Amino acid sequence: MIDVQRLAVLREVARHGSFNRAALALHCTPSAVSQQIAALERGLGAPAVERSTRGVTLTDAGRLLVEAADSIAAELSDTQRRIDRLAAERIALTVATFASGGRRLLPTALSGFVVDHPEVELTILEAEPEESLPYVREGRADVALAYHFDGPPPARPGDRSGLDWTALGVDPLRVVLPRGHPAAARYLDRPDPPHLAELAEQRWILGCRKSADQLAGHAELVGVELRISCTATDYDFAQSLVRAGVGIALIPEIGLTRDPELVDFPLAEPSPRRHLGLALSRRRRGTGGRLAEKLASRILGRAQGPAGLAR
C-alpha cells in the first residue's frame, strides 16, 4: 500500500526540484524529507527520484506517483470544499478568469445568471490560465475562462488533466498604432495585411509577457529581431503608451479599447493568436456542478453570439 503522506512529500520534491526546498515548504528538515522518500521507495520496490549534484529529478515511476498525488490532492480539496458548502448551508460558485476575457465575455453572462439564480453566492477570481486551471482541478474554482496559444488544448477527452475543456473561439492578436502614424494609412489601405518583417523597424510595446514570448517566436520564424520599448502587464496601459507615441503594440482582439485615436490591423498568416475556452472539473456533481454547467453554457452562448469571438 502506498502511503498518501509520503506521496505528498514526493509531490513537493517534484514541485521544488530539491529536498532542501521541499523541506522549507513542508516546514521540516531535509533529512526528514529524504527519509520519507526512501521509505516510499522501499514500499514501492523501485526508485522514485534520481539524486545528483544538480538536484532531484523524477524517475518514470516517480512521475506516475506524482500524477496520482496530484489527482488525490485535487479530489481531497474538492471534497473539502463541498463539505464546507454543506456546513455553510449555502450555494457558492467561483469563476476564475483572465482579465481581458472576463471583461468581454463575463458581464452579460453573469447578469442573466444572477437574475435567474439569486440564491447563488458568486466569487470571481482574476487569474491567468497557469493558475486558474489548477484552481478548477483542485476545487478552488468551478469554472475557468482561460486560453492557450498554438498547440493542443490544456485538456482533451480521456486524459489525466481532470478537466473538461470547451473551445470558445479564436482571439487574434492585432497590431495597434496611432491613427496619425505613417504606417497607418499604408497598411490600412492595403487589401492584404503586412508581414511581421515589414514592421521590424518599429518600436514595440507588448501587453503581457506571454504575448512577448509569442511575438518573439514569430519574429524568429521570419528572421527578424524586434525592438521592444516596454513589456507591460495590462493591455489598456500598453495602448495608452501607443497613444502617446512610444511605439506600436500587439494586442489581443478582445483587449482592444476601440480608442478613436488608435487603429488596428491583423498580421499576415501565420499570425499570432490565442485560443479561448472554458474548463470545468470532471468531478463536478450535485447542485454546484449543475450550476457550473449552466453558467458555462451562458458564457459559451455569449462567445458564439453576434458580438462574440471568431470561430
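For the residues Gly255, Gly289, the requirement of being open to solvent by less than 10 Å² (accessible area, probe 1.4 Å), touching a Phe, Trp or Tyr at 6+ places or on another chain (Cβ under 6 Å) and not acidic (Asp, Glu) singles out Gly255. From the set of residues in the range 1-20 that are of a type in the set (D, E, K, R) and open to solvent by 70 Å² or more (accessible area, probe 1.4 Å), which is farthest from the chain's Cα centre (by Cα)? Of everything passing the filter in the range 1-20, Arg6 is farthest from the chain's Cα centre (by Cα). In the condition set (1) open to solvent by 30 Å² or more (accessible area, probe 1.4 Å); (2) in contact with a strand residue (DSSP E or B) (Cβ under 9 Å, 6 or more places away or on another chain); (3) in a helix (DSSP H, G or I), Gly62 is compliant with all but (1).
The condition (being in contact (Cβ under 8 Å) with a residue 60 or more places away in the chain, charged (D, E, K, R) and open to solvent by 60 Å² or more (accessible area, probe 1.4 Å)) is satisfied by just one residue among Arg209, Arg282, Arg203: Arg282.
Regarding Ala155, is this residue surrounded by 14 or more Cβ atoms within 10 Å (Cβ to Cβ) and modelled with pLDDT of 95 or more? So Ala155 fails the test.
Somewhere in the range 103-126, is a residue within 12 Å of the chain's Cα centre (by Cα), farther than 22 Å from Gly301 by Cβ and open to solvent by less than 40 Å² (accessible area, probe 1.4 Å)? No, the range 103-126 contains no residue that is within 12 Å of the chain's Cα centre (by Cα), farther than 22 Å from Gly301 by Cβ and open to solvent by less than 40 Å² (accessible area, probe 1.4 Å).
Looking across the range 237-252 at every residue that is open to solvent by 10 Å² or more (accessible area, probe 1.4 Å) and among the aliphatic types (A, V, I, L, M), the one that is nearest to Lys210 (Cα to Cα) is identified as Leu241.
Can you give me the number of residues within the range 21-40 that are in a helix (DSSP H, G or I), open to solvent by 50 Å² or more (accessible area, probe 1.4 Å) and either in contact with a Lys or Arg (Cβ under 8 Å, 6 or more places away or on another chain) or without any contact (Cβ under 8 Å) to a residue 12 or more places away in the chain (or both)? Counting residues in the range 21-40 that are in a helix (DSSP H, G or I), open to solvent by 50 Å² or more (accessible area, probe 1.4 Å) and either in contact with a Lys or Arg (Cβ under 8 Å, 6 or more places away or on another chain) or without any contact (Cβ under 8 Å) to a residue 12 or more places away in the chain (or both) gives 6.
The requirement of being open to solvent by less than 60 Å² (accessible area, probe 1.4 Å), assigned to a helix (DSSP H, G or I) and over 30 Å from Arg285 (Cβ atoms) is not satisfied by Ala73. Within the range 177-189, if we keep just the residues that are open to solvent by less than 70 Å² (accessible area, probe 1.4 Å) and over 32 Å from the mean Cα position of the chain (by Cα), the residue that is modelled with the highest pLDDT turns out to be His181.
For the range 41-55, taking the residues that are farther than 19 Å from Gln5 by Cα and open to solvent by less than 80 Å² (accessible area, probe 1.4 Å), the one that is modelled with the lowest pLDDT is identified as Gly55.
The values are calculated or read from the model by the stated rules, or taken from the named source; none is laboratory data. These figures come from a predicted structure and were not determined experimentally. Ideal geometry is used to build each Cβ from the backbone, glycine not excepted, and the neighbour counts take in all protein chains shown. Side chains are part of the model used for accessible areas, which takes the heavy atoms of the whole protein and leaves out ligands, DNA and RNA. Shrake-Rupley method; radii C 1.70, N 1.55, O 1.52, S 1.80 Å.
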